[in-house]
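Undergrad: Questions regarding the structure given below will be posed in turn.
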Amino acid sequence: MIVNGSSVDLVTPTGPMRTYVYEPEEPRNTRGKFPGLILYSEIFQQTEPIRRLALQFASQGHVVMVPEVYHEHEPPGTVLGYDDPGKDKGNAYKWKTKLRTFDDDARVLLDALQRHPACTGRLGVVGVCLGGHLAFRAAFNEEVRAACCMYPTDIHSGTLGEGKKADSLQRAGDLRGELLLIFGRQDPHIPVEGRLAIYQALQQAGVLFTWHEFNGQHAFMRDEGSRYDPAVARQCYNLAFDLFARNL
């Protein structure tokens, strides 16, 4: 499926948020519409691996929006490097940004997808690393029918946002759609104790979810770098494609 890309600056309470939009190209003789997805990036914003991931989801028949999660701190178009300076800056912003800002941005993105002329209004969210946590929180909005969280960081510890006091696990009962979680068993950012805490909270809250653990390090699905496991990543992408096909 041919995918067209563009960008838009969405208005948020903390300033314009550069958002990249990927949508399937419709044949001239049809007027089809597609479900919408928010794709949340890692702490590095829209890198080339994230752009390629967005293209994969769009090519499956979705209107995909990829926001710059640190728009409050960096000018539009900023991409942080996959290196120590980029990692340090991305983590600093993760703890500097107010939790309310992340939540307000999710609301803006969902509204923008619902208004998009090519979108059916049936919405899902997906994210990796920091983005997995942001997808989890975005799914507190009742119109989110499905969420895929790929090795989501800081859910178990609550260390997201200014003050590092995120209430994500405590709000697990606010999740209404189906949840898909993917973890790497060798991921030091989400140790077994953290994964157990997430599992137990979801179970106690009665959330509809599926749980998948693979032998992989953090970022094992990123198609760049030594930790990439293409065979396992392919399995994970298919799980996500199936989740959204069934729910959206």
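What follows is calculated from the coordinates using simple rules that are stated; it is not laboratory data. Just so you know, these numbers come straight off a predicted model, no measurement behind them. As a convention, Cβ positions derive from the backbone with ideal geometry for all residues, glycine included, and neighbour counts pool all protein chains shown.
Undergrad: For LYS94, which lysines qualify as cross-link partners when the Cα separation must be under 16 Å and same-chain residues fewer than eight apart are set aside?
TA: Counting by Cα, and skipping residues close in sequence, LYS94 has these lysines nearby: LYS164, LYS165.
Undergrad: Would you tally the net charge around HIS212, using a Cβ to Cβ cut-off of less than 15 Å, leaving HIS212 out, and scoring K and R as +1, D and E as -1?
TA: Net charge around HIS212: -2.
Undergrad: Something else: Tell me, what ³J(HN,Hα) does each residue in the range 97-113 have, in order and in whole Hz, if you take phi through Karplus 6.51 cos²θ - 1.76 cosθ + 1.60 with θ = phi - 60° and put x for Gly and Pro?
TA: 6, 5, 4, 4, 5, 4, 5, 5, 4, 4, 5, 4, 5, 4, 5, 5, 5
Undergrad: Tell me, what is the Rg over Rh of the range 111-182, with Rh the Kirkwood radius over Cα pairs?
TA: Using Cα coordinates only, the ratio equals 1.01.
Undergrad: Take the Cα atoms of the range 1-73, build their convex hull, and give its volume per residue in Å³.
TA: 89
Undergrad: Considering amide H positions built from the backbone, and no H for Pro or chain starts, which residues 5 or more places from THR12, or on another chain, come under 5 Å of its amide H?
TA: Sorted by chain and number, the residues that satisfy this are MET17.
Undergrad: What distance in nm separates the simple spin-label points at THR159 and GLU143, each placed 7 Å from Cα in the Cβ direction?
TA: Between THR159 and GLU143, the label points sit 3.5 nm apart.
Undergrad: A further question follows. Can you return the aspartates and glutamates within cross-link range of LYS98? Criterion is Cα-Cα under 12 Å, with same-chain partners fewer than 8 residues away left out.
TA: Within the straight-line limit of under 12 Å, LYS98 reaches these aspartates and glutamates: GLU72, GLU162.
Undergrad: Using a cut-off of 12 Å between beta-carbons, work out the net charge of the residues near LEU130 (Lys and Arg +1, Asp and Glu -1, LEU130 not included).
TA: Result for the neighbourhood of LEU130: +1.
Undergrad: Between beta-carbons, use under 14 Å as the cut-off and find the net charge around ASP111, counting Lys and Arg +1, Asp and Glu -1.
TA: The answer is -3.
Undergrad: Could you size up the charge dipole of the chain around its Cα centre, putting +1 on the beta carbon of Lys and Arg and -1 on that of Asp and Glu, and report it in debye to the nearest 20?
TA: Roughly 400 debye for the chain.
Undergrad: Something else: Hey, which aspartates and glutamates would be in cross-link range of LYS33, C-alpha to C-alpha under 15 Å, not counting anything within fewer than 8 residues on its own chain?
TA: In chain and number order, the partners are GLU23, GLU25.
Undergrad: Going 7 Å from the Cα of ARG171 along its beta-carbon direction, which residues of the range 1-26 have the amide nitrogen within less than 17 Å of the resulting point?
TA: Once the point is set 7 Å along Cα→Cβ of ARG171, 13-14 turn out to lie under 17 Å by backbone N, inside the range 1-26.
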